[in-house]
Amino acid sequence: MAHDAFSKGGKFSSAVNYSGLDPNTIAVLFGVRWTDTDTEYAFAGSIPATRLKYYLSQGKSDYNDYDATYPDGQKQVAGFEPVTEAQKIAIRTSMDLLSSYTKLTFEKSDSYDQTTPMRFAQDTRQVSPLPPSTGGYPPQEGFNPVNSGDVWLASNAKVEAAFIGSDEFSSIMHEIGHALGLKHGHETTPNGALAYDFDNHEFSVMTYRTYAGAPFDPIKKEVDGSSPQSYMMFDIAAMQSMYGANFNQAGKSVTYRWDATTGQQFINNTPDPNYGVSSKGKIFSTVWTQGATTTYDLHDFSQDQFDDLRPGKWLLFSNEQRADLNPDDLSVKARGNIYNTLLYKDDTRSLIDNLYTGSGNDRIWGNAKANHLVANDGDDWIDAGAGDDTIEGGMGRDFIDPGKGYDTVRGTPAELNNDYVQQFGQYLAVDYVGLRFGLSQIKVTVAAGETTLTVGDSSLGLAGEAANGVFMVTPRGAGADAHTTVNFVPYVPDLQEGVRVSESQINGVIHRAFLTGDGAVSFSGRLEEAVSGMSNTLGAYKIDLATGRIFDVHVLVGNTLRPTAATEIDLGTPGKNVEVGFFLIQNGFTQFGDLADNLSFVDPGTGEPGTTASGQTLLLRSGSVILNGAIVFHTQSQLNPGHRQQVLSGTDGNGHDILIGFEDLPTNTADNDFQDVVIRVHAYDALIA
């Protein structure tokens, strides 16, 4: 067959790469996608299409290219009619959703020509049984390509003006899915079917089953207003596997909320243009964040919520607005209101960052990001998962598992009263909001494997006993901004040249609140020790915790083997929510000598000021010159090569000092004695000075 048999409208096709995909994602892939390159001339059609033109057909002459011998070709033309105005809007809405998920864009053409691979029309044949809507797959071997990308909308896609959540709109999304390369999820050929528990409309619009185990009928109408309002998680993952993922909102902050009556989805208090209101006020969709820092604000819903922020899970916050999945039994309902997408190639930018729930007794699961979880009132159960999380349980008796990461449990003494925290240890901070106090005003009780913190009449239970360290109390702010952070800080291990410390003691900077300013508390540093074969340079900077921006970069000790600085180094008085960070330039003095006081860190891709949020190894710049060859280690592990910890920290029992030890070689190859550079940091505060 000639190569033009695998093309249409100036586009070609290629096989889909299934590597690394979830089996349920593979189950909705037919196996071919649109590409901008011909597979005969480009390896495996390696350039996926990024723009597809479509045409809303106006007459039978638009189909003169149909081969009379092609099955259904003549029948479809015989049933031709232009799409309705409502269908035009539904088609465009479907395409806008797809563009929000992927790198695909769609351009409407005013005429059908050799640059237009997609056509839309109605199939209005008056036959029995009524024909279903159809969508032609991208060009493939063994099929005439003239109907590739063509969508025929039958009676089951005859949308009304208000079509969100309708069976008809779901049908339109379904057929466009076929035209782009998705197959039926319930069919085993090719690539297998969706697993039993996922073979339903909660997870894909490409299956005929509305609920797990349902019989399917492509013509039978679903419950009014209870069809998917978007493509669902496996559809989105499959589309992204073919056409890439859209992360064009990265760096922005957005808040999603839903109306407790109409179900309308809002983004930053503006109605989402792709999500209208279903006829029954249902909430039934999957959200792709496009990489934005995303907050779900669910405080308007007072029921007991079950909200899971992990990929492939869902949130249930409004029982009354759950979709009805079985027209014959309205007790069969969707498990959630809003569903989470899968990760695209393990990229965590699509994860939900923050969650605010209502006054019910909520169950909450965080994800791998640094979540801010606010449960408000009620007896809540919170599993924060991985990431450096901030958890606020609100009033009520809360059970909190902070999981892995540098976590903070926050609240007023009244809100923290009778709460219980699992996995207590050096990585957990307790932040008492609304007051400043010193160590003498907190009572620590250890008994039977548990530790209790008592402040006034408030008692907070912690699983585990405090040993080999001390509690440090860090008051910050004043008035409405007053708060006091309590951390258990381990003793610094006995550091000796060439003696490896244990893996468990490589803890980074575990008392981050101590290094955070409020505009009143000042800091100083002192070089305690430097035993190394390299002339390292030690420096410090400030970090704006709201944005991660790094600024005010200075050298503290130009050559740590021969320090000339004063015994006490002034680290300044950082502003509110500004943290002091430290960096070490490996053999910096030997390479660069005495550096001028004009240093900055920049993003290697953009040249813009560096941030801790980038997670990249930043470049060190002196004035306008990049210091090529500078190997820099930071107290912020996300800035280090491989995100490795290059410091450990702790105390020697002094309630207002911490010590930080640097390893000046990558910790995966070093001796890990962490005494190459050791600095003592002191905070001047009236309550603890």
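Hey, what number do you get for the chain at 222 nm if only DSSP H runs of n ≥ 4 count, each worth -39500 (n - 2.57), divided across all residues, to the nearest 500?
Counting only the DSSP helices, I get -2500 deg cm²/dmol.
Average the reciprocal distances over every distinct pair of alpha-carbons in segment 130-209, invert the result, and give the Kirkwood radius in Å.
Computed over Cα pairs of segment 130-209, the Kirkwood hydrodynamic radius comes out at 13.4 Å.
Hey, what angle do you get for helix 233-243 against the long axis of the chain, alpha-carbon based, 0 to 90 degrees rounded to 10?
The two axes meet at around 90 degrees.
Using Cα-Cα distances under 8 Å and only pairs 6 or more residues apart, what relative contact order does segment 89-232 have, in percent?
This gives 21 percent for segment 89-232.
Could you calculate the FRET efficiency of His682 with Thr255 from 1/(1 + (r/R0)^6), where r is the beta carbon distance between them and R0 is 45 Å, rounded to 0.05?
Rounded to the nearest 0.05, the efficiency is 0.70.
Using alpha carbons only, what's the Rg to Rh ratio of segment 77-177 with Rh from Kirkwood?
So for segment 77-177, dividing Rg by the Kirkwood Rh gives 0.95.
Mean separation of Cα pairs under 8 Å and 6+ residues apart, divided by the residue count of the chain: what relative contact order is that in percent?
In percent, rounded to a whole number, it is 7.
Among Phe551, Ile569, Val602, flag the residue with its Cα farthest along the positive direction of the charge dipole of segment 548-661, charges on Cβ as +1 for Lys/Arg and -1 for Asp/Glu.
Val602
Considering the zone a paramagnetic label at Ala162 would reach in this model (a point 7 Å from Cα along the Cα-to-Cβ line), which residues of segment 260-281 have amide N under 18 Å from it?
Hits in segment 260-281 for Ala162 at 18 Å: 260-266, 271-281.
Sorting check: for 613-619, 234-240, which peptide has the highest mean count of neighbouring beta carbons within 10 Å, and how do the rest follow?
In decreasing order of mean packing, 613-619, 234-240 become 234-240, 613-619.
Note down the nm distance, to one decimal, between modelled labels 7 Å out along Cα→Cβ at Ala386 and at Leu545.
2.4
If Leu665, Leu599 are ordered by their accessible area, calculated over protein heavy atoms with a 1.4 Å probe, which sequence runs from highest to lowest?
From most exposed to least exposed: Leu665, Leu599.
With the other protein chains left in place, how much accessible area per residue, in square angstrom, belongs to segment 393-538 at a 1.4 angstrom probe?
Roughly 41 Å² per residue, with all protein chains present.
Please work out whether segment 326-376 counts as rounded, prolate or oblate from its C-alpha gyration tensor, where a ≥ b ≥ c are the square roots of the eigenvalues and a/c under 1.5 means rounded, while otherwise a/b larger than b/c means prolate and anything else oblate?
oblate
Percent antiparallel among DSSP beta bridges with both residues in the chain, to the nearest 5?
About 65 percent, rounded to the nearest 5.
Against the globular-protein guess of 2.2 N^0.38 Å, express the Cα radius of gyration of segment 617-660 as a ratio, rounded to two decimals.
So segment 617-660 has a normalised radius of gyration of 1.56.
In the structure displayed, which of Lys103/Lys345; Lys53/Lys88; Lys252/Lys313; Lys53/Lys103; Lys88/Lys108 lie more than 21 Å apart, Cα to Cα?
Lys252/Lys313, as the Cα separations exceed 21 Å there.
Going Cα to Cα from Lys60, which aspartates and glutamates come in below 20 Å? Please leave out same-chain ones fewer than 8 positions away.
Asp72, Glu81, Glu85, Asp110, Asp113, Asp123, Asp150
With every protein chain left in place and a probe of 1.4 Å, what is the accessible surface of Arg526, to the nearest 10 Å²?
Only protein atoms counted, so the area is about 70 Å².
Going by a ≥ b ≥ c, the root eigenvalues of the Cα gyration tensor, does the chain fall in the rounded group (a/c under 1.5), the prolate group (a/b larger than b/c) or the oblate group?
prolate
For helix 85-101, report the angle its Cα long axis makes with the longest principal axis of the Cα atoms of the chain; keep it between 0 and 90° and round to the nearest 10°.
Here the helix axis deviates by roughly 30 degrees.
For segment 364-426, list log₁₀ I(q)/I(0) at each q in 0.27 Å⁻¹, using the Debye formula over Cα point scatterers of equal strength and ignoring solvent, two decimals each.
-1.13
What spacing in nm lies between the two simple spin-label points modelled at Lys345 and Ala478, each 7 Å away from Cα in the Cβ direction?
Going by the 7 Å Cα→Cβ label model, 5.2 nm.
Roughly speaking, to the nearest percent, how much of segment 550-601's 1.4 Å accessible area is carbon and sulfur?
On segment 550-601, the fraction of accessible area on carbon and sulfur atoms equals 47 percent.
Taking a probe of 1.4 Å, how large is the accessible area per residue of segment 77-194, in Å²?
Accessible area per residue: 36 Å².
I'd like the Kirkwood hydrodynamic radius of segment 208-279, using the inverse of the mean 1/r over distinct C-alpha pairs, in Å.
15.2
Determine the share of segment 365-507's accessible area contributed by carbon and sulfur atoms, expressed in whole percent, with a 1.4 angstrom probe.
That fraction is 49 percent.
Give the whole-number value, in cubic angstrom per residue, of the convex hull volume spanned by the C-alpha atoms of segment 227-337.
114
On the first, second and third principal axes, largest extent first, how far apart are the outermost C-alpha atoms of segment 577-689 in Å?
Over segment 577-689, Cα extents along the principal axes are 43, 34, 29 Å.
Can you tell me how segment 444-511 classifies by the Cα gyration tensor, rounded, prolate or oblate, using a/c under 1.5 as the rounded cut?
oblate
In the neighborhood of Phe488, defined by Cβ-to-Cβ distances under 14 Å, what is the net charge if each Lys or Arg adds +1 and each Asp or Glu adds -1?
Counting the neighbours of Phe488, the net charge comes to -3.
Can you compute the label reach from Asp552? Point 7 Å from Cα along the Cβ direction, backbone N cut-off under 12 Å, restricted to segment 520-534.
Under cut-off, by backbone N: 520-524.
I'd like the GluC sites (Glu not before Pro) in segment 412-484 restricted to DSSP loop residues with at most 11 other Cβ atoms within 10 Å, sorted by number.
Taking segment 412-484 and a limit of 11 other Cβ atoms within 10 Å, no loop GluC sites (Glu not before Pro) are found.
For segment 225-299, give the share of DSSP beta bridges that are antiparallel, in percent and rounded to the nearest 5; count only bridges with both residues there.
55
So what J values fall out for segment 664-679 if you push phi through Karplus, 6.51 cos²θ - 1.76 cosθ + 1.60 with θ = phi - 60°, rounded to Hz, Gly and Pro as x?
So the J values, rounded to whole Hz, are 9, 10, x, 5, 7, 10, 8, 7, 6, 8, 6, 10, 4, 8, 10, 10.
Nearest 10 degrees is fine. How inclined is helix 167-180 to the longest principal axis of the chain, computing both from alpha carbons?
The angle comes out near 80 degrees.
Quick one: Kirkwood hydrodynamic radius for segment 283-336, alpha-carbon pairs, angstrom, one decimal?
12.7
Based on the alpha carbons, how large is the Rg to Rh ratio for segment 348-493 when Rh follows Kirkwood?
Checking Rg against Rh, the ratio lands at 0.95.
The values are calculated or read from the model by the stated rules, or taken from the named source; none is laboratory data. What you are looking at is a predicted structure, and each value in this text was computed from that prediction instead of being measured. For neighbour counting, all protein chains shown are included, and Cβ atoms are generated from backbone atoms with ideal geometry for every residue, glycine included. Just so you know, the surface numbers come from the protein's heavy atoms only, side chains and all, with ligands and any DNA or RNA stripped out. Shrake-Rupley method; radii C 1.70, N 1.55, O 1.52, S 1.80 Å.
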